[in-house]
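Notes to accompany the following structure.
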Number of protein chains: 2
Amino acid sequence: MSQDETTLRLARHAATLFLERGVSATTGDDIAQAAGVSKRTVWRHFRTKENCVAPLFSRSSLQFACHLRDWPTDRALEPHLQICLAPENQSAQDIADGILVARLLAVLPGEPDLRASWLLACHEGEVHMRDVIAFRLDRSANEFEIRLCAALVSAAVRIVDETISLAAIVHGQVLSAEEVIERLANAIRTASTLPFCDPVPPDPFGDRRTMVTEASR
Amino acid sequence: MSQDETTLRLARHAATLFLERGVSATTGDDIAQAAGVSKRTVWRHFRTKENCVAPLFSRSSLQFACHLRDWPTDRALEPHLQICLAPENQSAQDIADGILVARLLAVLPGEPDLRASWLLACHEGEVHMRDVIAFRLDRSANEFEIRLCAALVSAAVRIVDETISLAAIVHGQVLSAEEVIERLANAIRTASTLPFCDPVPPDPFGDRRTMVTEASR
DNA sequence: TGCCTTTCTGGCACTTAGTGTCATATTATT
DNA sequence: AATAATATGACACTAAGTGCCAGAAAGGCA
C-alpha cells in the first residue's frame, strides 16, 4: 500500500471514531487498531491526533482552489461548478469523503481541536487560492490585494461549507445541488474584491454584489 | 494573584519562550518555571501547550470587535481607530502585549501549531463580530449574510495584522500609526458586504470598494 | 528469477503532554 | 477570627509523541 493511501485510510478511520465517540475519547491506539496498523505508524503519518483528519479537510479546501484554477475565463461560475460537483464526475470514495467532512463540520462547535485542524486546512486552501487568483489576473501572489482577495474568497467558501453542513447534518435540511451551487457562487461573488471571475454571469439585479439569499427570494 | 492575572502572566512567559527557542523546544515545565508556578498550574490554566499564548491572540482579535462595537454610527472609521489605537489610550502592558503578538505572528510560517491557535482566536473574534454587526444593522446574528460579512471583515483584519507584523518584525519596515489605520480601514471597507459602517467616509475615488494601496498611490 | 536498494512498518524504550485526586495555602465573606 | 470558596502544589497515572533499530515489502536491474 502506498504512502498516501495509508494516510487517507487512517484519516477515514480517525474521522469515523471521532464522530462515534468524540475526539478526546479516541486514542491513537484506537485509530491504529481500526486501520489495522501499529500505533507507531499512526504517529509516523500524523503529527498530532487531531491532524489525523487533516487530509480530508485539506482535500475539501484544496479541491475548491483547483476548481477555480480550472475555471475557463469565458464561462460563468454556476455551470462550471455544476460540472465540477456533479456526482458522475466524482468517485464513490470522493462522495463518501465529502459526507465525512460534512459530518465533521457539523460537530465543530463542540470540538475546538477539530476546528483548529479545519481552520488550518482552510488556510492551506487560502494560500493555494492566492496562486490561482494571481494567475488569473496575471499578477504576483505576494501582492497585498491578491492575498486579501484570496482570504475573503476562502472565508466565504468556508462559511458556506460550515452552514450547509450544519443545516444538512444537524437540522436534516437537504439542499439540492443547484441550491448549494447558487449559494456558493453568490458568496464568492460577494467576497471577490478583484475581478478574477469575469465574465460576470447574467444577474437580474444588475449588481454583482447583490446577494440572493432565502430572505430576498 | 487573581485567576486572569496568572493566566496572562503565563501567556507572556510562554510567548517569550516560544520566540526564544521555538514551540517544540519549550516544555510545559519551562513555562511553569519561568512564571514561578508548578507544572500542574500550567495545565490547570491551559488545555494544551500552544494554547498558552491564546489569551494574547484572543485579546488582539476580540479587541477589534470591541472597537467596532464602540464605533459611533455618525463618525468615520479612521478617526475612531485613531482614538482607539492611540498610544496614550493604552497601558504600557497593552503595548507590550501588542508587540509580543506581532512577533508571534511573524514566526507563524514556521510554527503551524501557533498558527492553529491564532486562527482559533480569529474565529473567536469572528463570532464576536457577528453580534456587533447584527447589533449595528438591527438584525439577527444567525443570518447567513451577517455571518458571511463578519467572516469577511475578520479575514481582512487578520490579513492586515499578519502583513503588518511580518513587515515590521522580519523586514524591519516600521509603519506609522496613520499608515496602519489607513490600511486597516481600507481593508475593512473592501471586505464589508453590508453597510454596517455607514456613514461612508469621504472617498476621493467615489467608490467605497476602491482600495488604496502602495500600487495605486 | 534472484539480488540489491529504497522505503515503509513494527516493537520497544523513553520523554513530554495532560489528568485525577487530595492536602494545603490563599483569598473573600461575615 | 472563624469559615467558606477558590487557587495552588505534589504525586501518581494515562495518553501523546519521538528515537532507534531490525525486519518486511516494494521497486529497479542484470
More than 18 angstrom separation, counting every C-alpha pair in region A:1-116; what % is that? 55
Starting from the Cα of residue B:39, draw a straight line to each of the aspartates and glutamates and keep only those under 18 Å, dropping any in the same chain fewer than 8 residues away. B:4, B:5, B:29, B:30, B:50
If you filter region A:32-126 for chymotrypsin sites (Phe, Trp or Tyr not before Pro), then keep DSSP loop positions with at most 14 other Cβ within 10 Å, what is left? none
Cβ-Cβ FRET estimate between residue B:93 and residue A:33, R0 fixed at 35 Å, reported to 0.05: 0.10
Using helices alone, I'd like the mean residue ellipticity at 222 nm for the protein assembly as shown: each DSSP H run of four-plus residues gives -39500 (n - 2.57), total over residue count, nearest 500. -21000 deg cm²/dmol
Mind pulling the angle between the C-alpha long axis of helix A:177-191 and the longest principal axis of chain A? Nearest 10 degrees, somewhere in 0 to 90. 70
Region A:1-99, dipole about Cα centre (Lys/Arg Cβ +1, Asp/Glu Cβ -1), debye to the nearest 20: 500
How big is the Cα convex hull of region A:51-147 in projection, averaged over all directions, in nm²? 7.3
Shortest first and in nm to one decimal, what separations exist between residue B:44 and its copies in the other chains, measuring from label points 7 Å along the Cα-to-beta-carbon line? 4.2
Net charge dipole size for the protein assembly as shown [Lys, Arg +1 and Asp, Glu -1 on Cβ; Debye, nearest 20]: 1040
Taking A:108-114, A:147-153 and ranking on average Cβ neighbours within 10 Å, highest first, one gets A:147-153, A:108-114
Along Cα→Cβ at 7 Å, what distances in nm separate the residue B:78 label point from those on the other copies, shortest first? 4.1
Run the quick spin-label model on residue A:62 and residue A:21: label points 7 Å from Cα toward the beta carbon, then report their separation in nm to one decimal. 3.1
The protein assembly as shown shape via C-alpha gyration tensor axes, a/c threshold 1.5: oblate
With everything on Cα atoms, drop me the angle between helix B:54-69 and the longest principal axis of chain B, reported from 0 to 90° to the nearest 10. 20
Net charge, residue B:42 excluded, C-beta distance under 12 Å - Lys, Arg +1, Asp, Glu -1: +4
So if I restrict to the alpha-carbon atoms in chain B, what is the Rg, and what is Dmax, the biggest pairwise distance, in Å? 18.4, 59
Can you list the copy-to-copy distances for residue A:177, using a point 7 angstrom from Cα toward Cβ, in nanometres, shortest first? 5.7
Read phi for every residue in region A:117-131 and hand back ³J(HN,Hα) as whole Hz from Karplus 6.51 cos²θ - 1.76 cosθ + 1.60, θ = phi - 60°, with x for Gly and Pro. 5, 4, 5, 5, 5, 4, 5, 3, x, 4, 5, 5, 5, 4, 4
Would you mind calculating the relative contact order of chain B from Cα pairs under 8 angstrom and at least 6 residues apart, reporting the percent as a whole number? 21
Please give the helix B:3-21 orientation as an angle from the longest Cα principal axis of chain B, in degrees from 0 to 90, rounded to the nearest 10. 80
With only Lys, Arg, Asp and Glu charged, each at its Cβ (+1 for the first two, -1 for the last two), find how big the charge dipole of region A:69-171 is about the Cα centre; round to the nearest 20 debye. 160
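Here, each number is a calculation from the coordinates, and none is a lab measurement. From a predicted model like this one, the values you see are computed outputs, not experimental measurements. Glycine gets a Cβ as well: all are built from the backbone with ideal geometry, and neighbour counts include every protein chain shown.
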